[in-house]
């Protein structure tokens, strides 16, 4: 009888409209509770940080495994290595507390997409890593932490971050500055002047499609044969995908799924030419 009534009601467009809209809203209603909780618990106002959902962490490891030809369990071990790096987390907290930014920072350190950045450095053992648009330097010190681990294993590497803001990169201090340096000024101009071969390039600066693509064009002839490009803007533009098509590279895309956070997550575009040996 109930099924007969529902089939009958479906004939009326207005009733069916409200039923369908109410059902669709169930996919998003929890976001309002997450926003409210975040409003009370977090101090962040930009460049939000969050943990990734457990299944999303596995998907990230499996994506990197495809790009590098590495067993995903090894990549998960590098994720865990970063999460267990108490020295790095203490450094981030202590430096942040010594600046005015402490008013807008959370005490809990959350790496999200930077888990992937860290794993790429640990896997590739790159000599030169460049990140454009470093903001406070959370990505920078994370990458430098990976380079320091590599150095302890006998693999030298250097990080260069670019930013137009002279106050950017304040987290890059102490032992992390031993393998890292900030190039201040317009990123395109800094890249034009950069003369060393680049093994890992991370785009995270001006998020316009035009500027992103210009960065790729600027470093095109400076990339090593097996260089990997990570695009932080790949959930917004197709510029990295287009660049990979033009330069005979493979392209993969990973979409973040934040854990208990209202933000829908960003993504990592991965451009690569060959798997690691």
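The values are calculated or read from the model by the stated rules, or taken from the named source; none is laboratory data. As the structure is a prediction and not an experimental result, all values here were calculated from the model. No Cβ is skipped: glycine too gets one built from the backbone with ideal geometry, and neighbour counts run over all protein chains shown.
I'd like to know if the stretch 239-253 contains one or more residues that are modelled with pLDDT under 95 and either closer than 30 Å to residue 27 by Cβ or within 21 Å of the chain's Cα centre (by Cα) (or both).
no
Mind telling me which of the residues 85, 90 ends up being modelled with pLDDT of 95 or more and out of contact with any helix residue (DSSP H, G or I) (no Cβ under 7 Å at 6 or more places or on another chain)?
90
For the stretch 175-187, check the following and say yes or no: at least one residue is crowded, with 20+ Cβ neighbours inside 10 Å and part of a loop (DSSP other than H, G, I, E, B).
Within the stretch 175-187 (the criterion being crowded, with 20+ Cβ neighbours inside 10 Å and part of a loop (DSSP other than H, G, I, E, B)), the answer is yes, since at least one residue qualifies.
Return the only residue of 218, 162 being part of a strand (DSSP E or B), in the same structural domain as residue 119 (by TED's automatic domain parsing) and crowded, with 16+ Cβ neighbours inside 10 Å.
Values: 218 fails: part of a strand (DSSP E or B).
Result of the check over 218, 162: 162.
Go over the candidates 171, 191 one by one and state the one that is more than 29 Å from residue 93 (Cβ to Cβ) and crowded, with 22+ Cβ neighbours inside 10 Å.
It is 191.
From (1) outside any helix (DSSP H, G or I); (2) crowded, with 20+ Cβ neighbours inside 10 Å; (3) touching a helix residue (DSSP H, G or I) at 6+ places or on another chain (Cβ under 8 Å), pick out the condition that doesn't hold for residue 236.
(2)
Surrounded by fewer than 20 Cβ atoms within 10 Å (Cβ to Cβ), under 19 Å from residue 203 (Cα atoms) and over 13 Å from the mean Cα position of the chain (by Cα): is that true of residue 130 in this structure?
It is false that residue 130 is surrounded by fewer than 20 Cβ atoms within 10 Å (Cβ to Cβ), under 19 Å from residue 203 (Cα atoms) and over 13 Å from the mean Cα position of the chain (by Cα).
How about the stretch 94-127: which of its residues are without any contact (Cβ under 8 Å) to a residue 60 or more places away in the chain, part of a helix (DSSP H, G or I) and loosely packed, with under 15 Cβ neighbours inside 10 Å?
Within the stretch 94-127, 94, 97, 100, 102 qualify.
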